[in-house]
Each structure stands twice: as structure tokens, then as C-alpha cells.
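The values are calculated or read from the model by the stated rules, or taken from the named source; none is laboratory data. Small disclaimer: the values here were computed from a predicted structure and weren't measured. Using ideal geometry, Cβ is built from the backbone for each residue, glycine included, and neighbour counts are taken over all protein chains shown. Protein only, heavy atoms only, side chains kept; ligands, DNA and RNA dropped before computing areas. Shrake-Rupley method; radii C 1.70, N 1.55, O 1.52, S 1.80 Å.
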Amino acid sequence: MENSKVYIILLNYNGWVDTIECLESVLRIDYPNYQVIVVDNNSPNNSMEYIKAWAEGKLDVWVNPNNPLRKLSFPPVQKPIPYVFYSKEEAERGGNPEIEKQFINPMIFIQTGYNGGFAFGNNVAIKYALAKKDAECVLLLNNDTVVEKDFLNKLVEVSQADKKIGITGCKIYYYDNPSKIWFNGGKFNEWTGRAVHIQKEINKEVSECNFITGCCMLIKREVLEKVGLLDESYFMYVEDLDYSYKTIKSGYKLAVAHNSIIWHKVGASGEGEISEFSAYWIMRSRIRFVIENFHIAKKISALSFITFTRLIKFIEYLIKGRKDIIFAQLKGIKDAKR
């Protein structure tokens, strides 16, 4: 369907500065039929109040004038921007159509009241979008990104070109190194339980893959209705791999629109310095994914690969004096088996 209605979902947790910069770039896109939903997972720094103030024209964020990506989010778009604010329960019921009719395409702000993780927050917004009968697709977009003006047009073109495409991703560059690719498709190996990013140019407008990062994930409504929502038991990490895997198992294809471009605020040399928090959740989610989804042969193979590679990494962490990371990952492995 031409110009399908797309609900763009941004999840915020303590990142209101990034969220506002992202919104400034999103509101410049040339796609004619979209609505923005911002979900806050009960940020203790009052993020939602800052985002409301921005929408009301009372606050702007500073972007370094020397930043080559500043043009994507500056100068600020015209304010005030109409918005409707909902609690989790109100949003999941589809909001209040009568209030929304008072505005032209208002932004939807949702306060979940609880930090239930990535899947939880996005699911609240997805439920809102699905309750609206006009939703053809939802776009999960990290709040720490900025986007090209035509990125959504390119995504939707690829998505609509093949009815078997269930999820479409884009080319993602590092925000701090704007010419370096962070994601241009994903490869997942069931025998190792390992998913990796393709980080090179691909001379095609579109190609298939078997993993799309949740940083930018355009999902068709029919996929959400058939596959279901994101698995909230992961809390953080691997939920995008899990959803990619389930989508393929349900008979759909995954595609990357290589001409659709955004930038993501990750460390230019990799994922940055690992923390106890991320070490725990990455390992817990990875092990849980293998246990939940694989039959015996692939399960044994993947768990053996993870065990072998952990032993090597543990030696590296010992040398670096990072016993905290070792203990965090061991705890993640233990908790994944519960």
C-alpha cells in the first residue's frame, strides 16, 4: 500500500538529550504518513518533562557547530509541537481518539511508570499502534540516532516491494565517525549462537540477511499479528535477534535497504568499554536465546562455542584486572538457566 502509515517508536530511559536530537532529525523526514511515539520507562532524571518542555518550545538541546551531522537536527523545527500524553494503561487501550482529533498528527508521549527493559517499553507503544486500525508498519528506532531525510521512504520502498519481507533494516553509521559503517546487515549462525554485523559497503539497493538490529527495525503489522510482540523476558540485548529469528521461522524474509541511512551513537572503535551491567545482560540473554530456541545438536554446539570463547575472554579480563566482568558474565550464565 502506497504511503503506508508508519508509527515511529523511540524508547527513552534517562536519555532525553539524545531523544530530542533524534526527534529534531525525525521531524525533518520527507515521508508523508507517519506518527511519532516516545515511550519513557520511568526515567529517574525526569526525562519526559524535558521532552514535553522541548515540544512546547521551552527547551532546545545544544549540538556542536563543528559536528558534521548537526545539519540533520538543526536549526530546531518550529514549536510548539502538539502532543498527547498517556499512561501505559491508556496507551495500550489505544489512547483517546477524541482528544487526538483536536490536533493534526500529534506526537504521542507515553509514561510506562516502570523500567521493564527494551522489549517492555517498545511493546507498550506497539500495542498502542496496533489498536489504531491505520497502522501498516511500526518502526523501532533507537533514541540515540539521527536520520537522513529520506531514510523512511527508502525503508518503506523495500518493505513494500516484496510481500514476503517481514522486517526491513537500514545502513547505520557511527555517529562519532560518520563515514564508518556500524551495521549494513546481520549474520547469525545457529551452530555458534553468534550474531555479527556486516560492516562493509554492499553494492546493492537491497539484500537479504538473517538478523536485523533493533536500532532500526521496520516491522509490518501482519508480522506483529502473526509472530507476536517482543519477548520481554530478555530485558536488554538479543531481543532483536530473537524477533528476527522468529520472523524467519514464521515464513518471512529480512531485508536491508542499503540506501536508507542513519547514524548511531556507539563507540567508533566498537561497543565501548563493557560494564558489569552490560556483561551480565548480554550473557544472560545470549544463553537464554540458545536454550529457548535450538534443538539438541545446535544447542550443544552453540553452548560449547560460547564456553570456549568465554574461557579466552576471561583470560583477557584477568590480564586487564576486570574480574568484575568475569563474575557478571558467570552470573548471567547461571541466571539464564533458571
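Please work out the average accessible area per residue across segment 15-125, using the 1.4 Å probe convention, and give it in Å².
Values: 5100 Å² over 111 residues.
I get 46 Å² per residue for segment 15-125.
Hey, can you grab everything whose amide H is under 5 Å from the amide H of R194? Only 5+ residues off in sequence or another chain; H modelled, so Pro and N-termini drop out.
Result for R194 returns N189.
Non-local amide H neighbours of V266 (under 5 Å, H modeled in plane, Pro and chain starts lacking H): which ones?
Sorted by chain and number, the residues that satisfy this are Y175, D176.
So which of K58/K220; K187/K298; K164/K246; K132/K220; K171/K246; K171/K299 end up more than 24 Å apart, counting from Cα to Cα?
Details: K58/K220 36 Å; K187/K298 16 Å; K164/K246 14 Å; K132/K220 14 Å; K171/K246 22 Å; K171/K299 31 Å.
Too far apart for the 24 Å limit: K58/K220; K171/K299.
Which value at 222 nm does the chain reach when only helices count, each DSSP H run of 4 or more adding -39,500 (n - 2.57), with the total divided by all residues and rounded to the nearest 500 deg cm²/dmol? Show your work: numbers first, answer last.
On the way: 11 runs with 128 residues, N = 338.
Value at 222 nm, helices only: -11500 deg cm²/dmol.
With a ≥ b ≥ c the root eigenvalues of the C-alpha gyration tensor of segment 61-201, is it rounded (a/c under 1.5), prolate (a/b larger than b/c) or oblate?
Numbers: a/c = 1.77, a/b = 1.26, b/c = 1.41.
Because a/c hits 1.5 or more and a/b fails to exceed b/c, segment 61-201 counts as oblate.
Computed over the Cα atoms of segment 1-139, what is the ratio Rg over Rh, Rh following Kirkwood? Before the final figure, lay out each step's value.
Details: Rg = 14.7 Å, Rh = 15.4 Å.
Dividing the radius of gyration by the Kirkwood radius yields 0.95.
Once the mean 1/r over all distinct Cα pairs of segment 183-338 is inverted, what Kirkwood radius in angstroms do you read off? List each step's numbers first, then the result.
Working: mean 1/r = 0.0591 Å⁻¹.
Computed over segment 183-338, the radius equals 16.9 Å.
On a full-extension model of 0.36 nm per residue, what is the gain between Y114 and D324, subtracting their alpha-carbon distance, rounded to one decimal in nm? Don't skip to the answer; put the middle values down first.
Numbers: separation 210, 0.36 × 210 = 75.60 nm, distance 2.74 nm.
Between Y114 and D324, full extension yields an extra 72.9 nm.
Mind checking the full-extension length gain between S87 and N45? Use 0.36 nm per residue of separation minus the Cα-Cα distance, one decimal, nm.
13.3 nm
I want to verify the translational diffusion coefficient of segment 222-296 in µm²/s; compute it with Stokes-Einstein, Rh as the Kirkwood radius over Cα pairs, at 37 °C and 0.692 mPa s. All intermediate terms of the calculation are to be shown ahead of the outcome.
On the way: Rh = 14.7 Å.
Once the numbers are plugged in, D ends up at 224 µm²/s.
On a 0 to 90 degree scale, rounded to 10, what angle separates helix 118-131 from the longest Cα axis of the chain?
Long axis of 118-131 versus the principal axis of the chain: about 40 degrees.
What is the sum of charges around D240, taking Lys and Arg as +1, Asp and Glu as -1, for the other residues whose C-beta is under 12 Å from the C-beta of D240? Intermediate values should be presented prior to the final figure.
Details: positive: K246; negative: D231, E239, D242.
Every neighbour counted, the sum reads -2.
In segment 83-119, which residues have a backbone nitrogen under 18 Å from the label point lying 7 Å from L229's Cα in the Cα-to-Cβ direction?
Zone members listed by number: 86-96, 109-119.
If you take every DSSP beta bridge whose two residues both sit in the chain, what share of them, in percent to the nearest 5, is antiparallel? All intermediate terms of the calculation are to be shown ahead of the outcome.
Details: 21 of 50 bridges.
So the antiparallel bridges amount to about 40 percent of the total.
Between Rg and the Kirkwood Rh of segment 135-217, both from Cα atoms, what is the Rg to Rh ratio? Don't skip to the answer; put the middle values down first.
On the way: Rg = 13.1 Å, Rh = 13.8 Å.
Rounded to two decimals, Rg/Rh equals 0.95.
Net charge around N46, counting only other residues with Cβ within less than 13 Å of its Cβ (Lys, Arg = +1; Asp, Glu = -1)?
Values: positive: K52; negative: D40, E49.
Residues near N46 contribute -1 overall.
Determine the equivalent ellipsoid of the chain by diagonalising the alpha-carbon gyration tensor, then write out the semi-axes as square roots of 5 times the eigenvalues, largest first, rounded to whole Å. Walk me through the numbers before you get to the answer.
Working: eigenvalues 205, 103, 88 Å².
Semi-axes (√(5λ), whole Å): 32, 23, 21.
For segment 1-147, which whole percent of the accessible surface, found with a 1.4 angstrom probe, sits on carbon and sulfur atoms? Could you put the intermediate results ahead of the total?
Details: 3150 of 6320 Å².
Percent of accessible area from carbon and sulfur atoms in segment 1-147: 50.
Provide the packing ranking of 310-320, 277-287, 10-20, i.e. peptides ordered by the mean count of other C-beta atoms within 10 Å per residue, highest first. Intermediate values should be presented prior to the final figure.
Values: 310-320: 12.3, 277-287: 20.6, 10-20: 22.3.
Descending packing order for the listed peptides: 10-20, 277-287, 310-320.
Expressed in nm², what is the orientationally averaged projection area of the convex hull enclosing the Cα positions of segment 1-72?
Values: hull surface 22.9 nm².
Its average projected convex-hull area is 5.7 nm².
In segment 129-267, what percentage of the DSSP-assigned beta bridges are antiparallel, given to the nearest 5?
Percent antiparallel among DSSP bridges in segment 129-267 is about 70.
Students often check this: by mean Cβ neighbours within 10 Å, which of 193-199, 27-33 ranks highest, and how do the rest follow? Present the calculation step by step, with values, prior to reporting the outcome.
Numbers: 193-199: 16.6, 27-33: 14.7.
Result, highest mean Cβ count within 10 Å first: 193-199, 27-33.
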